[in-house]
1. Only residues that are in a strand (DSSP E or B), of a type in the set (Lys, Arg) and modelled with pLDDT under 95: list them for the range 6-64, please.
2. Within the range 145-169, track down each residue that is assigned to a loop (DSSP other than H, G, I, E, B) and over 20 Å from LEU84 (Cα atoms).
3. So which pairs qualify, if the first residue must be in the range 96-124 and touching a residue at least 60 places away in the same chain (Cβ under 8 Å) and assigned to a helix (DSSP H, G or I), the second must be surrounded by 16 or more Cβ atoms within 10 Å (Cβ to Cβ) and small (Gly, Ala, Ser), the Cβ gap must be under 7 Å, and the two must be at least 6 apart or on different chains?
4. Can we say GLU146 is under 21 Å from TRP75 (Cα atoms) and in contact with a strand residue (DSSP E or B) (Cβ under 8 Å, 6 or more places away or on another chain)?
5. Would you point out the residue of the range 161-195, among those that are farther than 17 Å from ALA111 by Cα and among the charged types (D, E, K, R), that is surrounded by the fewest Cβ atoms within 10 Å (Cβ to Cβ)?
6. Within the range 163-190, how many residues are farther than 18 Å from ARG116 by Cβ and of a type in the set (Ser, Thr, Tyr)?
7. List every residue pair whose Cβ atoms sit under 9 Å apart, with the two residues 6 or more apart in sequence or on different chains, where the first one lies in the range 74-89 and is outside any strand (DSSP E or B) and the second, anywhere, is basic (Lys, Arg).
Amino acid sequence: MDHNLQRSPTETASRDELIVFVDEAGTPIGTGPKAESHHSDTQLHLAFSVFLFNSHGELLLQQRALTKKTWPGVWSNSCCGHLLPGERTEDAAARRLNYELGLRDIDLIMALPDFRYRAELDGIVEHEMCPVLIGFTDAKPHPNPEEVNEIKWMPWSDVLRSVADPKSELSPWAIEEVQLLAESEAFIAEYSNLLDMRDEPST
C-alpha cells in the first residue's frame, strides 16, 4: 500500500492558521491565529502528539524546523500539531502526519487521552491539552522541510535512557509523554504485541 500522499500546498497557508482555545474542562471557548497566539502567556488550547514505531520497536523522532516559532531545532516525538475548529483529534493527527512526514493510512491508538502540559522556551509558552496517540509503520517518511529539519529512528530503550538524562535533547512535552507511556500498562501491551508479531515466524 502506498503510504505517501501529495501534500496540499494551501494547508498551512489557510486552514491551519487557527487554534482552538479551551477552558479547564476542555470546552472550546474561542479561536485565534496560531502564530499570534503563541507568546509569553499562551492560552490553553487543543493539540495532540503522535508516537510512531516501526517493526523493530524503534521510535521515529523529528527535529523541528529551524524556522519554527516554538522550540526551533529541538528534537521531539514523531509528530505534533493543533486541532482545527470542529476537528477530531484522530483526524488532526492524520492530517499532520501526511503534511509533516508524507505518511498516511496509519491506524492510530489513543494512549494518553488526558495529557496536558505547559512549557516555556525563550519567552514563548506552549500550553496545551495534548492527547497522545501511537501508531506502527514501516513506511518511509518524506519530511516536509517547512516543518521538519531531520528525522531518525531510535530504539525505545535508548529513548527511555535519554529522557532520564537532565540534559536530554528532547522537547519538554516529549519527555513527559515518554515517561507516562513507560508507565502505561495499555501502551506496554501494545508495544509488546508489536514485538511479538515481529518475532513470529512467517508462513
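The values are calculated or read from the model by the stated rules, or taken from the named source; none is laboratory data. This one's a predicted model, so the numbers in the text were calculated from it and none came from an experiment. Heads up, the Cβs are rebuilt from the backbone with ideal geometry, glycines too, and the neighbour counts pull from every protein chain shown.
1. none
2. Residues of the range 145-169 that are assigned to a loop (DSSP other than H, G, I, E, B), as a first pass: 145-147, 164-169.
Selection gives PRO145, ALA164, ASP165, PRO166, LYS167, SER168, GLU169.
3. none
4. On the way: under 21 Å from TRP75 (Cα atoms): yes; in contact with a strand residue (DSSP E or B) (Cβ under 8 Å, 6 or more places away or on another chain): no.
So GLU146 does not fit the description; no.
5. Narrowing the range 161-195 to residues farther than 17 Å from ALA111 by Cα: 161-172, 195.
Those left that are additionally among the charged types (D, E, K, R): 161, 165, 167, 169.
Working: ARG161: 12, ASP165: 10, LYS167: 5, GLU169: 14.
Looking at residues that are farther than 17 Å from ALA111 by Cα and among the charged types (D, E, K, R), I get LYS167.
6. Within the range 163-190, residues that are farther than 18 Å from ARG116 by Cβ and of a type in the set (Ser, Thr, Tyr) number 1.
7. VAL74/ARG64; VAL74/LYS68; LEU84/ARG15; LEU84/ARG95; GLU87/ARG95
Yes/no per residue for (1) surrounded by fewer than 16 Cβ atoms within 10 Å (Cβ to Cβ); (2) in contact with a Ser or Thr (Cβ under 9 Å, 6 or more places away or on another chain):
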{"residue": "ARG116", "(1), (2)": "no, no"}
{"residue": "GLY123", "(1), (2)": "yes, yes"}
{"residue": "GLU126", "(1), (2)": "no, yes"}
{"residue": "PRO141", "(1), (2)": "no, yes"}
{"residue": "VAL159", "(1), (2)": "no, no"}
